[in-house]
Amino acid sequence: MIPLFYYLALSAIIFSIGLFGFMTQKSGIRMLMCVELMLNAANINLVAFSSYNGDLTGQVFALYSIALAAAEAAIGFAILMSIYRVRDMINLDKLNILRW
Amino acid sequence: MAIENMAYLIPILPALAFVLTFFLGKKLPRGGAIIPIIAIFTSFVISLMITLNLLQNPEEVVSQSYNWFSILNVGILIDPLAAVMLSMVTFVSLLIHIYAVGYMSHDKGQPRYFAETALFTAAMLGVILSDNILQFFICWELVGLCSYLLIGFWFEKPSAASAAKKAFLTTRVGDVMFLAGIILLFSDIFRIFNGSIPEGVYVLRFNEIFSHIPEIAALNTQILGYQVSHLTLITLLFFGGAVGKSGQFPLHVWLPDAMEGPTTVSALIHAATMVTAGVYLVARTFPMFIAAPQSLLVVAYLGAFTALFAATMGLVMNDIKRVLAFSTISQLGYMMLGLGMGAVIGVTAVGDSLFHLINHAFFKALLFLCAGSVIHAIGTQDIRQMGGVRKVMPITFATMLIASLALAGFGIPGTSIGVSGFFSKDPIIEAAYLFGESTENWFPYVFAITAALLTSIYIFRLIFMTFTGKPRTDYGGHESPSVMTIPLMILGILALIFGALTKTSFGKFLEETFTNNFVNVDIHALAEIGKYHLASHGGEGEPLLILWMPVIVAVAGLLISYLIYGMRVIDMSKVVSRKNPLYKLLYNRYYQNAIYTQFLAVKVVYEGLALAGRAIDRGFDWLINFIGNIFTDASDGLRQLQTGVVQNYATSVVTGVSLLIILVKLILEVF
């Protein structure tokens, strides 16, 4: 059986990649993809702990979070589509009309 | 069900009538006048039945009390003093409401008028029924509010609006003193109990207050180097309230102006009922006054002075209602003087004063209603434009003549022949004589007797100018409808015979006010605190001249008036002119209004208080702006954080979480 540490390390690596991407990318679609990466890193953690503890709750939770992620992605892309129609680009750096 | 158990209905019914008339009056004929009339009639019947019961057994007063909170209560007290006031107020109010149906028939504001007079009646009955000083004060203020509303009834007239404001502000001066007196009294009783009030003791109830008079009298305060007893202070403050409400010098200035309201209001509020609330207050707290001799002397002197002071101004007024207003002030002065004479005649003074109060209520309400009848028919208030009204309005003339005779006090001493005012004014003047005899101080007597002479002159001047001679202008006019003349006749009969009927029983009845199952105070013992001795005799010992003196001056006044204004034998045109400084002084009411407005209002209030207020205002402005600026400046800096770039927010989140994790780690390792 693969020790828990490997799972956690994988999860941490994927999360860091996602975080790095989220903070450096300008394109909305890329940022959304990075958010998905971070989310799934968390899912890996959930499943890993679930199997380590022999408790199914974590896996159910992971399924639940995947379903939510799908919904969230759908909304996210829909918003980006709308932005694209109005602004003709999806560079989120330029979308700062909500600042002070 | 015993009638005493319905006592609470006496003020509640007019209050209900106020609500009903206020909301439904517009939909009913004649402004819904029928509602307050029925309500007040019921109150009158209950009051009268309670009074008749009380007459049988004056020691068994009606006293009901309910807990309000902890040491304060609401309650009803109907002792002889309250009973006579209750019957008088409900009766006069009833007649005036009926009269007003005719008098106000052309007015659009009828529902408002009847609602407000019903509220006034409720509040006035509340004042009378109170068994504690706080409830008394609350109703007292309500009465003042109604007075304000009704003086300003025709508020679209600037003079009425300003008269209402003046009345409100002037009486407020007195009310503040009254409140200060209550606060001082409350704290003193608290001190006497050492702060722990036993269960079931209501500190501001009259019986509780009266039982602590000796202790309050023993408390002293240093004021301007003098030792002043708290009892003297409290009674003087109470009297200050009475001065404001009852239009005594120097706070009488509002009462003549209050005539801007409808004449029925003047009759009800500013002649018969509300203005007597001050007299009622002093009578109600009489045991306190009798133990505070200086206060009682102030009451006597100020009363005597006001009686004369107002009578002099009544001589020169040309507005029919203003003459009556000054007459009211003067007669209220007599009542105060009568109470002040408690220094020599003890509790009899309350009987004398209240007797005059009740008689005055009848004849003065009648005078005002007659004046209203004349004004209603002729359309002017200036007596110079009247003359010969007797032919047009015979009933009004007859009733007004009776009222004037009653005011001047015609009668034969030693018999039962006389009008009501005679039987009530005489004892007061005689008491003033006794006072002069026992203290060698003739000031109250001289003032009272001079005022009696002037009273007779000004009232018959009014009668001759208005009713006799030839019409001086082309006024037309007609006798008033019977809904107005019948109340006049009823009041006329009372003004004629009430005094003769009750002259002996009235005083005896009222003497039970302070010795019954509610309060039982020994007036003589209290007078010992005041360090004077009450005269034992009264009425018999005086020389014949003194007994006849009030009548002599009344007849003299009538003759002088007749010679000047009836026969026109004496030519007054030299005297009555703007060039005569004395006339000018009187006509301008001793320039008291000018002093109040030019000096007090402009110099003290506007220029003094307003300037000080502005300085304080600016100080606060600066402080508040300073505090406000701190926050706006800080937020100006902080809002720069809102860049609108998602990555910046994410950076903060990550940094924050990382720092948190490091912190937790560190804490876990240290501990």
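The values are calculated or read from the model by the stated rules, or taken from the named source; none is laboratory data. Source: prediction; values computed, not measured. For neighbour counting, all protein chains shown are included, and Cβ atoms are generated from backbone atoms with ideal geometry for every residue, glycine included. Protein only, heavy atoms only, side chains kept; ligands, DNA and RNA dropped before computing areas. Shrake-Rupley method; radii C 1.70, N 1.55, O 1.52, S 1.80 Å.
Observations, loosely collected:
- Failed condition for B:Met341, given (1) more than 23 Å from B:Gly492 (Cβ to Cβ); (2) open to solvent by 10 Å² or more (accessible area, probe 1.4 Å): (2)
- For B:Ala615, the conditions (1) open to solvent by 80 Å² or more (accessible area, probe 1.4 Å); (2) not assigned by TED's automatic domain parsing to the domain that holds B:Ser162 are fulfilled apart from (1).
- Within the option set B:Gly152, B:Gly144, B:Gly126, B:Gly181, being under 12 Å from the mean Cα position of the chain (by Cα) and not basic (Lys, Arg) holds for one residue only, B:Gly144.
- Flag if B:Ile627 is farther than 24 Å from B:Trp254 by Cα, open to solvent by 90 Å² or more (accessible area, probe 1.4 Å) and of a type in the set (A, V, I, L, M, F, W, C): no
- Region B:561-671 holds helices (runs of 4 or more DSSP H) entirely within its bounds, and those carrying 1 or more residues that are within 14 Å of chain A (Cβ to nearest Cβ) and under 30 Å from A:Gln25 (Cα atoms) map to B:610-638, B:646-670.
- Output for region A:52-99, where each listed residue is surrounded by 11 or more Cβ atoms within 10 Å (Cβ to Cβ), of a type in the set (A, V, I, L, M, F, W, C) and within 14 Å of chain B (Cβ to nearest Cβ): A:Ile79, A:Leu80, A:Ile83, A:Ile90, A:Leu92, A:Leu95
- Number of the exception - B:Thr348 against (1) modelled with pLDDT of 90 or more; (2) out of contact with any Phe, Trp or Tyr (no Cβ under 8 Å at 6 or more places or on another chain): (1)
- Restricting region A:16-51 to residues that are among the aromatic types (Phe, Trp, Tyr) and open to solvent by 60 Å² or more (accessible area, probe 1.4 Å), the residue that is nearest to the other protein chains (Cβ to nearest Cβ): A:Phe20
- Meets criteria (touching a Gly at 6+ places or on another chain (Cβ under 7 Å) and among the aliphatic types (A, V, I, L, M)) for B:Leu281: yes
- B:Asp474 being of a type in the set (Asp, Glu) and at pLDDT 80 or above: no
- Selection from region B:426-441 of residues that are touching a Phe, Trp or Tyr at 6+ places or on another chain (Cβ under 6 Å) and at pLDDT 85 or above: B:Ile428, B:Ala432, B:Tyr433
- So A:Leu19, is it hydrophobic (A, V, I, L, M, F, W, C) and modelled with pLDDT under 90: no
- Counting residues in region B:187-198 that are open to solvent by less than 40 Å² (accessible area, probe 1.4 Å), in contact with a strand residue (DSSP E or B) (Cβ under 6 Å, 6 or more places away or on another chain) and either under 21 Å from B:Leu129 (Cβ atoms) or not small (Gly, Ala, Ser) (or both) gives zero.
- In region A:22-63, residue farthest from A:Ile90 (Cα to Cα) [restricted to those that are of a type in the set (Val, Ile, Thr) and without any contact (Cβ under 8 Å) to a residue 12 or more places away in the chain]: A:Thr57
- Every pair of residues 6+ apart whose Cβ atoms lie under 7 Å, when the first sits in region A:82-100 and is more than 15 Å from A:Ser27 (Cα to Cα) while the second is surrounded by 11 or more Cβ atoms within 10 Å (Cβ to Cβ): A:Ile97/B:Gly644; A:Leu98/B:Gly644; A:Arg99/B:Gln642; A:Arg99/B:Thr643; A:Arg99/B:Gly644; A:Trp100/B:Gln642
- Of all residues in region B:155-162, none satisfies being surrounded by 24 or more Cβ atoms within 10 Å (Cβ to Cβ) and among the charged types (D, E, K, R).
- Within region B:96-111, tally of residues that are open to solvent by 10 Å² or more (accessible area, probe 1.4 Å) and touching a helix residue (DSSP H, G or I) at 6+ places or on another chain (Cβ under 6 Å): 5
- Qualifying residue in region B:457-468 (condition: charged (D, E, K, R) and at pLDDT 85 or above): yes
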